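For reference, the structure discussed in these notes is given below.
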Amino acid sequence: MNQSIINSLKTACMWIAILLAIPYVVAPAHAWDGDLGGNQYNAPEARRYQRVQLGVVEDIREVVITRDSQSAGYVGTGVGAIVGGVIGNAAGRGNGRMVAAALGGTIGGIAGKMAGDYVGHEVKRSAEIIVSMGNGNAVSIVQELDSETANLRPGDRVRLIEGQAVRVVKIRGSVM
């Protein structure tokens, strides 16, 4: 391999590493991990007033919560465009080198966007819980299907705890 191709590949690898690091710098770490269940609290929710209502589970069914990460698509586009451009630049000769690099960058960007969108699509197993309240109204809450939520059954007495979010928690003993 000639020296210009090696230098182009080194530059591309550096840019790929930088682009792959962007989501970890820009987005909060683990913003999606374990924050949608009934027994998980974020730090700002601690030592805060939260309203509690009592109810009875009428129905529960499994659903999914989905989230698409835009940053994964952007990173994929950038990485794909750089890799495609470097490959196109290495493949082209003379005046065609610029055209090959542009075409490679475009095709690589499109392929990278598709790959980034696929990787950035996340799904969590969850539950839709229908709760009858004491006043005759019914409410629906969707939360992650953690071990406690998975054990809820119709007829269970539950607390609806409302703070920054609403969560359904089974009553474990007598409630005043």
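The values are calculated or read from the model by the stated rules, or taken from the named source; none is laboratory data. Computed from a predicted structure; not experimentally measured. Cβ coordinates were reconstructed from backbone atoms using ideal geometry, including for glycine residues, and neighbour counts include every protein chain displayed.
Taking the condition of being outside any helix (DSSP H, G or I) and either surrounded by 15 or more Cβ atoms within 10 Å (Cβ to Cβ) or modelled with pLDDT of 75 or more (or both), how many residues in the stretch 60-90 meet it?
8
When the residues of the stretch 115-149 are filtered to those that are without any contact (Cβ under 8 Å) to a residue 40 or more places away in the chain and surrounded by 13 or more Cβ atoms within 10 Å (Cβ to Cβ), which remaining residue is nearest to Ile60 (Cα to Cα)?
Ranking the candidates gives Ile141 first.
Output the residue which, of all residues in the stretch 162-176 that are out of contact with any Leu (no Cβ under 7 Å at 6 or more places or on another chain) and part of a strand (DSSP E or B), is surrounded by the most Cβ atoms within 10 Å (Cβ to Cβ).
Among residues in the stretch 162-176 that are out of contact with any Leu (no Cβ under 7 Å at 6 or more places or on another chain) and part of a strand (DSSP E or B), the one surrounded by the most Cβ atoms within 10 Å (Cβ to Cβ) is Arg167.
Somewhere in the stretch 106-127, is a residue modelled with pLDDT under 80 and basic (Lys, Arg)?
Looking through the stretch 106-127, at least one residue is modelled with pLDDT under 80 and basic (Lys, Arg).
What single numbered condition from (1) within 23 Å of Glu122 (Cβ to Cβ); (2) modelled with pLDDT of 65 or more; (3) outside any helix (DSSP H, G or I) fails to hold for Ala31?
Single failed check for Ala31: (2).
Which ones in the stretch 91-133 are assigned to a strand (DSSP E or B) and not aliphatic (A, V, I, L, M)?
Selection gives His121, Glu122, Lys124, Arg125, Ser126, Glu128, Ser132.
Give me a count of the residues in the stretch 134-161 that are more than 11 Å from Leu54 (Cα to Cα), part of a strand (DSSP E or B) and of a type outside the set (Gly, Ala, Ser).
5
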